[in-house]
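Trainee: Here it is, the structure, as structure tokens.
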Amino acid sequence: MSVDSDDIRKENGVNRKSRAALLALCVAIPLWAASGSATGVKPGLGQEAITGSGAGINKIAHIIIIMQENRSFDHYFGTFPGADGFPMDANGAPAESCYDSVANKWMKPFHTYADANAGGLHDSVAAARCMHGGLMNGFITSDENSGPILNPADDPEDELKAAKVATPAEAESVMEYHDDREIPNYWSYARSYVLQDHMFEPNASWSQPMHLYMVSAWSAHSPDANPMHCTNAMAWPDQPWKAGQHPYAWTDITWLLHKNHVSWAFYGKQAPDIWNPLPWFLTVRSDSQTGRVLPVDSFYAAARHGRLPSVCWITPAAEVSEHPRWLVSVGQAYVTNLIDSVMMGPNWDSCAIFLSWDDWGGFYDHMAPPHADQNGYGIRVPGLVISPWAKHGYIDHQTLSTDAYLKFIEDRFLSNQRIDKTDSRPDSRPHVREKNPILGDVSNDFDFTQTPPLPSLILNPWPHGH
């Protein structure tokens, strides 16, 4: 079955009038790049300008991590040629795979043109229900039987969803998938650069723990300022912008970057929230580095003027995030503008862009995650590597998570140091995630000997018009 996109937009308040406002927002983005007075992060505070000279990995001077919201691998790339996508039946169509306990039937994944998708529950409880002991067939019943979201903080931009139980149509909509008819730019990046088809969320939970993992390889509870007192927290980590909760005391990657004079920036919403964790790490505050958390328009200016930091993360505003029920087309336009700005800027020839989605958003994925430790891995998400030094049209089948991004940062800029329990700022983390033997190495996605390097791929942010 299919869910009508106009019905979903009306239900979520994303009607034609508000959609026009979102289009206007994204159309204005190139103007920020052209006229913004901010120039991004300059080396300073003891930090040095790092160039892309040298051989091998040293050709990369700028690592850019773009993190979007809530899509599974199969939901976006389940039919991508050569990828480990949907199991197919004898007719070459996605095979039956999920049980609908209300309708008492098995369902196949189905294609949708809908620009807004309902998605499903995606906290730690929902992850276990969806995975169903590795059978990967509980995605529909997870939505049908679990009731409203237990904690509205899970989806702060989706108040409607936090207040009601999923309808049968919404529950079945987790079986929807897109392809190059709706997301042609994402598929073009996959054809031209690298698609990672075994990229798993680092934790079996929702957005906030994942964003903590993205910058620190752990999600924990901090009862005080002592990093050795932190304890594991996968379901509901602290939210230190709320009264009575302590800042994150364990160690994040910026501790090592700052100590080794490597420039970094985190571009995103300025207001504290679950997608913007770095201002709430004690390390960032004690290093006087909170000024390196900047609005996204500063990224466009930095790309335009050739002043990208050595390492940066970009997280979206809700309306361009692709988080259900926000529009896929608007999120794709926003990401395309980000990537176009890098490709048109003077830093492109030394950049590595990693594009991924933070969790599965309730959408079906057929692949059971491998066991990394008690915290994950979680359900599979898309991953793309975009760089002039990326392998052309390559599909990376290594087991990966965002831990691999941290490992790549550490290998390039930190002489292979890790966020380690025994470094100059030890904490009580259970494992050093970058050392997990099942974790692949994203340096395998590059060919630093190819001549010439791959050209830029400037794409229309609105391939279907707007």
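The values are calculated or read from the model by the stated rules, or taken from the named source; none is laboratory data. For clarity, every value in this text was computed on a predicted model and none was experimentally measured. Here Cβ is always computed from backbone atoms with ideal geometry, including for glycine, and neighbour counts include all displayed protein chains. Please note that ligands, DNA and RNA were not included when accessible areas were found on the heavy atoms of the full protein model with its side chains. Shrake-Rupley method; radii C 1.70, N 1.55, O 1.52, S 1.80 Å.
Trainee: Failed condition for Met175, given (1) touching a strand residue (DSSP E or B) at 6+ places or on another chain (Cβ under 6 Å); (2) within 30 Å of Arg429 (Cα to Cα), with all others met?
Mentor: (2)
Trainee: Hey, another quick one. Give the residues of region 384-428 that are part of a loop (DSSP other than H, G, I, E, B), open to solvent by 10 Å² or more (accessible area, probe 1.4 Å) and either touching an Asp or Glu at 6+ places or on another chain (Cβ under 7 Å) or closer than 26 Å to Asp359 by Cβ (or both), sorted by residue number.
Mentor: If the condition is that a residue be part of a loop (DSSP other than H, G, I, E, B), open to solvent by 10 Å² or more (accessible area, probe 1.4 Å) and either touching an Asp or Glu at 6+ places or on another chain (Cβ under 7 Å) or closer than 26 Å to Asp359 by Cβ (or both), then Trp389, Lys391, His397, Gln398, Thr399, Asn416, Gln417, Arg418, Lys421, Ser428 are the ones that fit.
Trainee: Pairs only if they're at least six apart or on different chains, beta carbon under 7 angstrom, first in region 444-466 and open to solvent by less than 60 Å² (accessible area, probe 1.4 Å), second among the basic types (Lys, Arg); list them, first residue then second.
Mentor: Final answer for the pair search is Asp445/Lys391; Phe446/Lys391; Asp447/Lys391; Phe448/Lys59.
Trainee: Continuing with the same structure: Restricting attention to region 227-247, report how many residues are in contact with a Ser or Thr (Cβ under 9 Å, 6 or more places away or on another chain), more than 23 Å from Ala128 (Cβ to Cβ) and without any contact (Cβ under 8 Å) to a residue 24 or more places away in the chain.
Mentor: Residues flagged as in contact with a Ser or Thr (Cβ under 9 Å, 6 or more places away or on another chain), more than 23 Å from Ala128 (Cβ to Cβ) and without any contact (Cβ under 8 Å) to a residue 24 or more places away in the chain within region 227-247 amount to 1.
Trainee: Are there any pairs, at least 6 apart or on different chains, whose C-beta atoms fall under 7 Å, with the first in region 407-432 and within 15 Å of Asn226 (Cα to Cα) and without any contact (Cβ under 8 Å) to a residue 60 or more places away in the chain and the second crowded, with 16+ Cβ neighbours inside 10 Å and acidic (Asp, Glu), and if so, which?
Mentor: Hits for this filter: Lys421/Asp427.
Trainee: What about Leu278, is it surrounded by fewer than 22 Cβ atoms within 10 Å (Cβ to Cβ) and within 29 Å of Tyr76 (Cβ to Cβ)?
Mentor: Details: surrounded by fewer than 22 Cβ atoms within 10 Å (Cβ to Cβ): no; within 29 Å of Tyr76 (Cβ to Cβ): yes.
For Leu278, the condition - surrounded by fewer than 22 Cβ atoms within 10 Å (Cβ to Cβ) and within 29 Å of Tyr76 (Cβ to Cβ) - is not met.
Trainee: When the residues of region 256-275 are filtered to those that are open to solvent by 50 Å² or more (accessible area, probe 1.4 Å) and in contact with a strand residue (DSSP E or B) (Cβ under 8 Å, 6 or more places away or on another chain), which remaining residue is modelled with the highest pLDDT?
Mentor: The extreme case among them is His261.
Trainee: Test of understanding: among Arg285, Arg304, which residue is basic (Lys, Arg), over 30 Å from Ala171 (Cβ atoms), in a helix (DSSP H, G or I) and without any contact (Cβ under 8 Å) to a residue 40 or more places away in the chain?
Mentor: Matching residue, one of Arg285, Arg304: Arg285.
Trainee: Yes or no: region 337-349 includes at least one residue that is closer than 24 Å to Gln208 by Cβ and either touching a Lys or Arg at 6+ places or on another chain (Cβ under 6 Å) or not in a strand (DSSP E or B) (or both).
Mentor: Yes, there is a match, as at least one residue in region 337-349 is closer than 24 Å to Gln208 by Cβ and either touching a Lys or Arg at 6+ places or on another chain (Cβ under 6 Å) or not in a strand (DSSP E or B) (or both).
Trainee: One residue is enough: does region 323-339 have a residue meeting the conditions modelled with pLDDT of 95 or more, open to solvent by 10 Å² or more (accessible area, probe 1.4 Å), farther than 23 Å from Ala118 by Cα and hydrophobic (A, V, I, L, M, F, W, C)?
Mentor: So far as region 323-339 goes, no, none of its residues is modelled with pLDDT of 95 or more, open to solvent by 10 Å² or more (accessible area, probe 1.4 Å), farther than 23 Å from Ala118 by Cα and hydrophobic (A, V, I, L, M, F, W, C).
Trainee: Continuing with this model, one more query. Looking only at residues that are touching a Leu at 6+ places or on another chain (Cβ under 8 Å) and open to solvent by less than 10 Å² (accessible area, probe 1.4 Å) in region 285-299, which one is farthest from Ala61 (Cα to Cα)?
Mentor: By that ranking, first place goes to Gln289.
Trainee: Can you pull out the residues in region 244-255 that are of a type in the set (Gly, Ala, Ser) and open to solvent by 20 Å² or more (accessible area, probe 1.4 Å)?
Mentor: Gly244
Trainee: Another question, if that's okay. Considering (1) charged (D, E, K, R); (2) over 17 Å from the mean Cα position of the chain (by Cα); (3) under 21 Å from Met67 (Cα atoms), say which one Arg181 fails and leave the rest.
Mentor: In the conditions (1) charged (D, E, K, R); (2) over 17 Å from the mean Cα position of the chain (by Cα); (3) under 21 Å from Met67 (Cα atoms), Arg181 misses (3) alone.
Trainee: How many of the residues making up region 308-322 are in contact with a strand residue (DSSP E or B) (Cβ under 8 Å, 6 or more places away or on another chain) and either of a type outside the set (D, E, K, R) or within 21 Å of Thr51 (Cα to Cα) (or both)?
Mentor: Looking only at that region, the number is 10.
Trainee: Which members of region 218-260 meet the condition of being in contact with a Cys (Cβ under 6 Å, 6 or more places away or on another chain) and under 24 Å from Ile63 (Cβ atoms)? Don't jump to the end; show me each part of the working.
Mentor: Of the residues in region 218-260, the ones in contact with a Cys (Cβ under 6 Å, 6 or more places away or on another chain) are 220, 222, 249-250.
Matches in region 218-260: Trp250 only.
Trainee: Something else now. For region 357-374, name all the residues that are surrounded by fewer than 24 Cβ atoms within 10 Å (Cβ to Cβ) and either touching a His at 6+ places or on another chain (Cβ under 7 Å) or not aliphatic (A, V, I, L, M) (or both).
Mentor: His366, Pro369, Pro370, His371, Asp373, Gln374
Trainee: Within 30 Å of Leu282 (Cβ to Cβ), open to solvent by 10 Å² or more (accessible area, probe 1.4 Å) and either in contact with a Cys (Cβ under 8 Å, 6 or more places away or on another chain) or not hydroxyl-bearing (Ser, Thr, Tyr) (or both): does that describe Pro437?
Mentor: no
Trainee: Next question, about the same structure. Name the single residue that is nearest to the chain's Cα centre (by Cα) among those in region 203-226 being open to solvent by 10 Å² or more (accessible area, probe 1.4 Å) and of a type outside the set (D, E, K, R). Show your work before the answer.
Mentor: Going through region 203-226, the residues open to solvent by 10 Å² or more (accessible area, probe 1.4 Å) turn out to be 204, 221, 223-226.
Filter once more, keeping what is of a type outside the set (D, E, K, R): 204, 221, 223, 225-226.
Numbers: Ala204: 14, His221: 22, Pro223: 28, Ala225: 29, Asn226: 29 Å.
Step by step, filter region 203-226, then rank; the result is Ala204.
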